[in-house]
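Below you'll find the structure, written out as structure tokens, and then a few comments.
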Amino acid sequence: MEKLGSELIVDEIFMRLPAKAIGRFKCLSKFFRDELSNNNFEITHSRRIITSLQKKLLSLKDNTIVVDNIVGGNLQADTSKTIISPSNVHPSYLRVLASFRGLILICNERMFCELILWNPTTRRYKILADDYFDRNFERNASTGGMYFDDSNDLKVLHIKRYRNVLTARVYSRRRESWRKINSCNVSNYASTYYSWSPAIYSGRIIYFMVSNYWFPPGERHMVAFDVVSENFSTIPFPEALDLNPWQGHFLSIEMKLHVIVVGRSKNLYADLFKFEDDAWVKA
């Protein structure tokens, strides 16, 4: 009965607490430390917290990393906190590749694009690098995304470009190993003229924006990675994005891919589009 009571505390009380509080309760007993540290608890807790009205906004500035609270869609005043980066790496060397359920995938460009999986709330991090990242390195030439597979294993997709060649690999947190994706059939976007955006995960697909502002100017594409089949494909942009200049930003709303477009023709404008049934509709 004592164990049953402890399990109820974990499932019904601790599961609703913020991550920072959970870290303090790990010292109560060996049972709580083990229960609050296992992968199943972390996964379930992250999925519950993601539905909370309170979110975090993380900003990498020139010399600091700042976290602000967002409650009910509004940025809260006087809540800014400066936090320390993983391994005390200077923020100017860090580049965010993706965010997913409270985790941040960042690239340390001081160390040959060393990949770091980081939880800014708990301050815990894990370096994912192996000898694959110690060579063939170009600055600002990689991106990535994260997702859970059907067995609740956290996976990290990493795409890098080197000398006009794209390589895609997937990391398994459970196995702590990398494997190459052989179906990277988007090598026509490997030129240095193309810029790849950070990823967004929506509906079992990881999406990237790929832009070429040189030849021809304003060329844009969206690349999709199906996490089940592990195949790459492309989807078109909304027709409204034919105007220049513009900025596009991904959103995932109710597991549907959205893009908010800010551009200028005669006046500044902003439009929200939803991708549904293989077509873009204005939301």
- Whole-Hz Karplus ³J(HN,Hα) for the stretch 96-103, in order, using 6.51 cos²θ - 1.76 cosθ + 1.60 and θ = phi - 60°, x for Gly and Pro? 7, 9, 6, 10, 7, 6, x, 9
- Residue-wise HN-Hα coupling along the stretch 270-283, computed from phi with Karplus coefficients 6.51, -1.76, 1.60 (Hz; x: Gly, Pro): 9, 10, 10, 10, 10, 8, 9, 6, 6, 8, 8, 10, 6, 7
- With a point put 7 Å past each Cα toward its Cβ, work out how far Ile181 is from Leu251 in nm, to one decimal. 2.6 nm
- Task: Work out how much length Leu272 to Arg139 would gain on full extension: take 0.36 nm times their residue separation and subtract the Cα-Cα distance, in nm to one decimal.
- Result: 44.7 nm
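Every number in this text was worked out from the coordinates using simple rules, so none of it is lab data. These numbers come from a predicted model, not from an experiment. Please note: Cβ atoms are built from the backbone with ideal geometry, for glycine as well, and neighbour counts cover all protein chains shown.
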